[in-house]
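Here is the structure we will look at.
Nothing in this text is a laboratory measurement; each read-out follows from the coordinates by a stated rule. Remember, it's a predicted structure, so these values are computed and weren't measured experimentally. Cβ sites come from the backbone with ideal geometry, for glycine too, and all protein chains shown count toward neighbours.
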């Protein structure tokens, strides 16, 4: 076997191992870390170069006091809660106006990728709310799993495959 071919196969095997280990870590987190549904809204949905994904701003609870500075996330009583962090986490919160009310959102939008053939799921009727189920890792931003629509207090996951 040619030396260049052998080196190419070794590099390819390393790439496959790297990508596989990342996939395994994400699957392990999804199975072991808390999951929660949170209300969301699309952020900057009309950017022409955005591709086939949505940027979502998710709402968080702050237990009545908005943290200043970095926050860490946890799940309590079925809600995503932002609490002050003792060190830098790369996460923060901000207040925004949504539907005539003030809500606290995670400062960093999440990316949710959608298939090419699916109509934009962020376009909703006035009586519907867009929600996203997320995995909440010990550190870092939540990871979106699936989108859902809440109408008349009933949350129904969307089939986007």
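Here are the numbers for this structure:
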item: Rounded tilt (10° steps) of 3-32 against the dominant C-alpha axis of the chain; result: 30 degrees
item: Listed values (i) 1.61; (ii) 1.25; (iii) 1.18, entry calculated as Cα Rg over 2.2 N^0.38 Å; result: (ii)
item: Most mobile listed residue (11, 38, 132) in the chain, GNM with C-alpha springs under 10 Å; result: 11
item: Rough spin-label spacing in nm, given labels placed 7 Å along Cα→Cβ, for residue 92 and residue 20; result: 4.1 nm
item: Fewest-first sequence of 131, 37 by Cβ atoms within 10 Å of each Cβ; result: 37, 131
item: Highest-MSF residue in the chain out of 122, 86, 61 [GNM, Cα springs under 10 Å]; result: 86
item: Most mobile listed residue (133, 116, 59) in the chain, GNM with C-alpha springs under 10 Å; result: 116
item: Difference of contour (0.36 nm per residue) and Cα-Cα distance, residue 3 to residue 111; result: 34.7 nm
item: Helical mean residue ellipticity (222 nm; -39500 (n - 2.57) per DSSP H run of 4+; nearest 500) of the chain; result: -6500 deg cm²/dmol
item: Fully extended contour minus Cα-Cα distance, from residue 158 to residue 77, at 0.36 nm per residue; result: 26.8 nm
item: Inter-probe distance in nm under a simple model that places probes 7 Å from Cα toward Cβ, at residue 66 and residue 139; result: 2.8 nm
